[in-house]
Structures are given as structure tokens and as C-alpha cells.
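Inspection log for the structure reproduced underneath, given as C-alpha cells.
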Amino acid sequence: MILRVGLTGGIACGKSTISRIFAGLGCVTIDADDIVTRIYRRGGAGHEALVREYGPGILEPDGEIDRKKLADVAFGDANAARKLNSLIHPLVLEEEERCIRAEERRFPDRDRIFITEATLLLEAGGKERYDCIVVVDVDPAVQIQRAVSRGMTKGEVQRRIKHQMSREERLRNAHYVIDNNGDRRSAEVATHAVYEKLCAELQRKKERG
């Protein structure tokens with residue numbers, strides 16, 4: 001039996017940190033951004049779809065996708081962002097499913113919790129695809145500060161936030177919330193508490209058959 005969990009949150013909320021903590025607890029973690037990186041490479045399905053849609057202007061000299069140029073085009077307005085998502089999300093979901101099936105074949109008799117980390121998980125209809133939604137939440141000021149410390153400008157961060165689901169709506173869709181405003185130890189404690197609840201969810205799913 002498996003439990004499918006969607007892990008999401010706004011930009012720079014610390015989803016990857018929380019995902020690594022879940023992995024340390026024994027969950028199988030899938031990073032949607034890693035999948036995107038793979039399919040964006042030359043020869044990948046995402047690369048082909050993006051060049052067909054946006055033209056060669058989004059490419060680096062070596063032919064790889066320039067993520068910054070793509071973002072400038074794709075996050076210019078809400079319609080552009082939706083267009084990008086409609087191109088890429090089906091490809092990501094296909095690869096996610098392949099990863100899950102491969103893990104199930106490796107361990108056919110093992111109960112597992114699969115955690116898929118994705119920023120736009122809810123925007124892409126994730127509420128219907130997963131047994132549980134876990135939202136990593138931080139205050140907007142902390143979110144901007146962390147993103148800027150990683151090299152983004154405040155304007156870039158605010159533009160990304162504008163085209164993502166609002167914090168309030170994201171929290172309304174959550175089964176469980178992990179407050180990640182504090183330090184690493186606080187994140188570990190909060191994640192472990194949610195992990196125990198996910199284990200209980202898995203057990204209930206087994207009992208239902």
C-alpha cells in the first residue's frame with residue numbers, strides 16, 4: 001500500500017529542506033523541479049515543447065534552455081504562466097508516475113509514503129491526485145528575505161508570488177501545515193509531527209483496503 005502526498009508552498013518557503021527531512025524519516029521523495037530540469041535538457045520532451053512554443057530565443061548558446069529567459073517570457077502575466085504550466089505539467093506528471101511505479105516494482109510488498117515536492121502542485125490540480133496535501137508555510141517577509149539571499153531581486157520574487165496561488169488559498173487546501181519560519185531544529189520537529197500523522201493516514205488507507 002502506498003500513500004501519495006503532495007508537498008507544496010510558495011517560493012523560498014523551504015520545501016526542499018522539509019522534503020529532505022521526510023526522506024530521512026524513510027519517505028520516498030520526488031522533486032518536481034528535478035524532473036523539470038531533466039525534461040528541459042536537449043533531447044527531452046520539455047525542451048522540444050518549449051522551443052516549439054517560445055522559439056529559439058529562450059536558448060543558451062549551447063542549445064540548452066535558459067531558465068531566466070524562459071521565466072521572463074513565461075511569467076510576464078497570468079495567461080503566460082498558465083500556458084507554460086499547461087505545456088510542462090503533463091510531462092512532469094508522466095515522469096512522476098514512472099518514478100513511483102519503478103519504486104513499487106523494486107519493493108512490491110513494502111508500504112511506502114511518496115512525497116512529491118512541487119511549487120505549483122495545487123495550481124495543477126494536485127488536490128485530486130494526492131491522498132494528502134502538506135503545505136510548508138512562512139511569513140511573506142521571511143519568504144522574500146530568503147529568496148533575495150539566494151540571488152533573486154525583490155521585484156523578481158514579488159512577480160513570482162503574484163503568479164502563484166495566494167498563501168490563504170494554499171492553506172485552505174492543506175491537510176497538514178508545517179510552519180517553517182524558524183530554524184532547522186524547529187523544522188525537524190514540525191515535520192516529524194506531520195510524518196506521524198501521515199503514517200496514521202497510511203494505516204487507515206490499508207484498513208480500508
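For the reader, a short list of remarks on this structure follows.
For every residue, the table says whether it meets (1) of a type in the set (V, I, T); (2) loosely packed, with under 15 Cβ neighbours inside 10 Å.
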| site | (1), (2) |
| --- | --- |
| H89 | no, no |
| E94 | no, yes |
| E97 | no, yes |
| R110 | no, yes |
| T119 | yes, no |
| A124 | no, no |
| Y130 | no, no |
| Q143 | no, no |
| R150 | no, yes |
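- Selection within the range 26-36: residues that are outside any strand (DSSP E or B) and open to solvent by 50 Å² or more (accessible area, probe 1.4 Å). The member of this set that is modelled with the highest pLDDT is D34.
- Looking only at the range 95-140, and only at residues there that are aromatic (F, W, Y) and part of a loop (DSSP other than H, G, I, E, B), the one that is farthest from T37 (Cα to Cα): F107
- Taken over the range 142-160, the criterion of being assigned to a helix (DSSP H, G or I) and within 11 Å of A12 (Cα to Cα) is satisfied by V142, Q143, I144, Q145, R146, A147, V148, S149, V157, R160.
- Qualifying residues in the range 40-70 (those that are more than 20 Å from P90 (Cβ to Cβ) and open to solvent by less than 20 Å² (accessible area, probe 1.4 Å)) - the one modelled with the lowest pLDDT: G55
The values are calculated or read from the model by the stated rules, or taken from the named source; none is laboratory data. What you are looking at is a predicted structure, and each value in this text was computed from that prediction instead of being measured. Note that each Cβ is placed from the backbone with ideal geometry, even for glycine, and that neighbours are counted across all protein chains shown. With ligands, DNA and RNA removed, areas are computed over all heavy atoms of the protein, side chains included. Shrake-Rupley method; radii C 1.70, N 1.55, O 1.52, S 1.80 Å.
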